[in-house]
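Worksheet: the structure to be examined is printed underneath.
The values are calculated or read from the model by the stated rules, or taken from the named source; none is laboratory data. Please read all numbers here as calculations on a predicted model, not as lab measurements. Positions of Cβ are generated from backbone atoms using ideal geometry, with glycine treated the same way; all protein chains shown enter the neighbour counts.
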Amino acid sequence: MFTPLPPRRAEIAAVSSSIPATDRSAVVPTGVVEVMNAPRTQVHDETNVAQPAVPPELSVVVPVKDERENVAELHRQLVAALESTGRSHEILWIDDGSRDGSWEVIAGLVAADPTGRVRAVRLRRNFGKAAALTAGFQKARGRLIFTLDGDLQDDPAEIPRFLEAIDANGGLDLVSGWKKTRHDPWHKVYPSLVFNAMVSRLSGCQLHDHNCGFKLYRVEILREIRIYGELHRFVPALAYARGFRVGELAVNHRPRTHGRSKYGVERFVKGFLDLLTVWFVTGFRQRPLHILGPLGLLFLATGVFGLTWLALEWLAGVRPIGTRPFLSYSAVSLSIGAQLLSLGVLAELLTFYQHRPSDAYSIAQSLGFCEDNKPPLSGNRAGDS
């Protein structure tokens, strides 16, 4: 058994919005996880449009995989929603190895845009959603970054409410959507309920819908959190563990009209394994021996006790011990304990020699420092920030 992470510098924030109070989502405490460089993803960028000199305030990252029939309509809705905010913006389409002609539609949208606010990246193959998002985050220039799925189930009309929410109550760092009324098949809804309950329990970040793709981030979060595997769905939990303020907003969820869902049983299994990774990383990354050590000591003590007991029986001539199963159990337990302790020590050594000072904390603000002229700390790896 273990105890979920306690809130660190967490505050309860209420997201004020135009929807009735009964529909408002609870804004939860925050914290955040460690930060490392996002994995490099090989991309094929075929856009060559002059970019505005001043970076936009908002960036919208839309990963797509075989969504040809949805791209154009989603783009139209995105443009309308973003124009209504009155803020400078850009739209980044990330084609994650589509084979249905999605890239041709996206390329047409880029070519038809004279403002340079629509950009696109095509991955060489299907790398997965986390890699697609990472590619988008690396290309994004806004200080606020939206993500939403390309299947038209997320409603771009919710964008102004997200902006209102992130600035409410002193400012949040991440606003996660909550598909309060879902239009998905039961075999997708019920596993999601179980999964979200487990994530909330293990991470301490009490959200209804960790897996919702409709999110708004401040860029500082994405500079600190490394996303790989299926970890894109755990960004709120990782942010919570590191001290950022995370909120939740009930959003409109629409039924899928074109294409097919990419959800499968294997996704739930991978998500569960990544959940264990998140629990370990957020709770024991700085001291891995704290989780491996107790287990190793337990097995080691059991093995030593068993072998000692058998040795005393043998010396006293009670009965032979060579054929007793308890001898094998004790020897195996002793071996497992020694291996776990050795693994824990090796993990401690790796943590010590590869640890970056910034992994242990997250700075909200610095005053009076010339950060641009500051040399990197010794031990920082090339490309780390």
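The table for this structure:
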| read-out | value |
| --- | --- |
| Qualifying residue in region 303-322 (condition: surrounded by fewer than 18 Cβ atoms within 10 Å (Cβ to Cβ), charged (D, E, K, R) and at pLDDT 70 or above) | yes |
| Every residue from region 165-194 that is crowded, with 19+ Cβ neighbours inside 10 Å and either of a type in the set (F, W, Y) or at pLDDT below 85 (or both) | W178, S192 |
| Those residues of region 134-165 which are in a helix (DSSP H, G or I) and either outside the structural domain of H75 (by TED's automatic domain parsing) or aromatic (F, W, Y) (or both), in sequence order | F137, F162 |
| Condition met for I159 (touching a residue at least 24 places away in the same chain (Cβ under 8 Å), among the aliphatic types (A, V, I, L, M) and closer than 17 Å to E83 by Cα) | yes |
| Number of the exception - F284 against (1) modelled with pLDDT under 80; (2) more than 30 Å from V332 (Cα to Cα) | (2) |
| Number of positions in region 94-133 that are aromatic (F, W, Y) and in a helix (DSSP H, G or I) | 1 |
| Candidate set: region 197-249, residues that are over 13 Å from the mean Cα position of the chain (by Cα) and part of a helix (DSSP H, G or I); chosen: the one modelled with the lowest pLDDT | L202 |
| Verdict on A360 being modelled with pLDDT under 65 and of a type in the set (A, V, I, L, M) | yes |
